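The values are calculated or read from the model by the stated rules, or taken from the named source; none is laboratory data. Just so it is clear, the structure is predicted and the values come from calculations on it, not from any experiment. All Cβ positions, glycine included, derive from the backbone under ideal geometry; neighbour counts span all protein chains shown. Only protein heavy atoms, including side chains, enter the accessible area calculation; ligands, DNA and RNA are left aside. Shrake-Rupley method; radii C 1.70, N 1.55, O 1.52, S 1.80 Å.
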Amino acid sequence: MDIKNLMVTGGCGFIGSNFIRYLLEEADFMGKIINVDKLTYAGNPENLSDISERYPGRYVFQKADICDAVRMNQIFRDYQVDAICHFAAESHVDRSIKRPEEFIQTNITGTFNLLETIRQNAGQFRLFHHVSTDEVYGSLGREGYFTEETPYRPNSPYSASKAASDHLVRAYHETYGLPAVISNCSNNYGPYQFPEKLIPLMILNALDGKPLPVYGDGRNVRDWLYVKDHCGAIWTIMRFGDKGETYNIGGNSEMENIVIVEMICDILDEIIPVSAGYSRKKLITFVKDRPGHDRRYAIDFSKLQKAFNWTPRESLATGLRKTIVWYLENANWIERSRSGEYRAWISEQYEQERSPS
Ligand code: NAD
Ligand code: TYD
């Protein structure tokens, strides 16, 4: 697909910034990127400061809220946007449990607003790629996998808001012929992930000698995908996917949370030993479970694999090591992301919810 002016929403967040980097540095993308981000606590323009210096003609940043219809229309017209890859969202389940309003606003109203902007300026528009999550399918027992046919059964305000946005995208395709594709992906990890999600939180706490708060019995299972593999899958779908279709993306890396935390401790103990015989696993603390905590996610991505020969490149072992090394080498980034609102959030979590179970 020959995209000239690609709007990336949420491009200063974790996956969005990796995606922009991937498109400009590694993919066969020749167009221009317009990164539209409101810069919430999770958005950090520093994630792309080198990119904006190195690609001045092909990368622009617009600080804007996707819920602002006037701004979206303006940006859409000014840059003659012919495709959108939509990442912008409130993305953290724990936050959605405490304060759901922002999730409804950004994830549902914001997506609706983008769809309306496209509908009103349909002319040269080619593709809306909606980045979504496997959490819309709900929770699995010990057996089985989510396929593209699995009925939606979201359990958290976060997943419910993403489910709603998926339905809107689908409806705009069916009703107005809007050229849209949806991808539903499993848990991502890798560089630039805000340290409130499991993997970066555990890496940083373990380095600081702080407790490693594992919810419930630690036996909840997630399927983990290295972020660059997710970016490659999105780009594959953008180029070759059929409009109106949904594609699942997964990592082939199902793991219980407790095992992930132990793996992180082992890798850190190997790279930076504390003292002879000491293991950071001693920091693991079981805490009160998350309400409505989904037990298991597992993705069947055979549709994507068969159609386009896509498969993840990193295993959990290789991806986790790369991720840990990245956090060790980026102390300044960590320091800055952990200032301000992050500190307030984490201390609130510790005080109210993370008392040992
Ligand atoms: P993130 O929280 O790291 O980043 C979200 C970005 O969106 C931030 O830069 C933030 O400033 C921006 N944003 C938030 N509200 C906005 C608004 N109203 N207007 C404009 N920008 C706004 O999230 P992430 O982990 O990078 O996730 C990106 C997308 O991928 C989300 O849609 C999420 O649902 C989906 N997803 C994430 C995962 C995962 O494991 N992280 C897995 C599957 C799907
Ligand atoms: P998270 O990274 O928040 O992603 P999601 O909820 O979208 O899957 O959590 C991943 C898993 O790790 C999930 O089962 C909850 C668990 N978890 C903990 O046990 N402790 C923590 O401090 C966090 C943040 C998550």
Worksheet entry | One residue from Ser132, Ser161, Ser139, Ser156 being at pLDDT 95 or above, within 16 Å of ligand 2 (Cβ to nearest atom), touching a Phe, Trp or Tyr at 6+ places or on another chain (Cβ under 6 Å) and of a type outside the set (Val, Ile, Thr) | Ser161
Practice prompt. Collect the residues in the range 15-38 that are open to solvent by 50 Å² or more (accessible area, probe 1.4 Å) and either in a helix (DSSP H, G or I) or touching a strand residue (DSSP E or B) at 6+ places or on another chain (Cβ under 6 Å) (or both), keeping them in residue-number order.
Written response: Glu25, Lys32
Fill in: Any pair with Cβ under 9 angstrom, 6 or more apart, that starts in the range 266-280 at a residue that is open to solvent by 80 Å² or more (accessible area, probe 1.4 Å) and ends at one that is not in a loop (DSSP other than H, G, I, E, B)
Val274/Leu268; Val274/Arg280
Worksheet item: Which residues, counting only those in the range 61-74, are more than 14 Å from Gly10 (Cβ to Cβ) and open to solvent by less than 90 Å² (accessible area, probe 1.4 Å)?
Response: Asp68, Ala69, Arg71, Asn73
Worksheet item: Going by the structure shown, is Ile104 in a helix (DSSP H, G or I), of a type in the set (A, V, I, L, M) and surrounded by fewer than 18 Cβ atoms within 10 Å (Cβ to Cβ)?
Response: yes
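On the basis of being out of contact with any Phe, Trp or Tyr (no Cβ under 7 Å at 6 or more places or on another chain), under 18 Å from Arg336 (Cβ atoms) and at pLDDT below 95, does Gly43 make the cut? Working first, answer last.
On the way: out of contact with any Phe, Trp or Tyr (no Cβ under 7 Å at 6 or more places or on another chain): yes; under 18 Å from Arg336 (Cβ atoms): yes; at pLDDT below 95: yes.
It is true that Gly43 is out of contact with any Phe, Trp or Tyr (no Cβ under 7 Å at 6 or more places or on another chain), under 18 Å from Arg336 (Cβ atoms) and at pLDDT below 95.
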Practice prompt. Would you confirm whether any residue within the range 41-60 is open to solvent by 60 Å² or more (accessible area, probe 1.4 Å) and touching a Pro at 6+ places or on another chain (Cβ under 7 Å)?
Written response: no
Practice prompt. Would you confirm whether any residue within the range 82-100 is modelled with pLDDT of 95 or more, open to solvent by 40 Å² or more (accessible area, probe 1.4 Å) and more than 16 Å from ligand 2 (Cβ to nearest atom)?
Written response: no
Response to the item:
Per the filter on the range 107-151, residues open to solvent by 10 Å² or more (accessible area, probe 1.4 Å), in contact with a helix residue (DSSP H, G or I) (Cβ under 8 Å, 6 or more places away or on another chain) and part of a helix (DSSP H, G or I) are Ile108, Phe112, Asn113, Glu116, Arg119, Gln120, Glu135
Item to complete: Name, by its number, the condition in (1) touching a Leu at 6+ places or on another chain (Cβ under 8 Å); (2) surrounded by fewer than 16 Cβ atoms within 10 Å (Cβ to Cβ); (3) more than 30 Å from Tyr176 (Cβ to Cβ) that does not hold for Asn309.
Response: (1)
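Please go through the range 312-337 and pick out each residue that is within 17 Å of Leu225 (Cβ to Cβ), assigned to a helix (DSSP H, G or I) and open to solvent by 40 Å² or more (accessible area, probe 1.4 Å).
Taking the range 312-337 as the starting set, the residues that turn out to be within 17 Å of Leu225 (Cβ to Cβ) are 312-324, 326.
Now drop any that are not assigned to a helix (DSSP H, G or I), which leaves 316-324, 326.
Within the range 312-337, Ala317, Thr318, Arg321, Lys322 meet the criteria.
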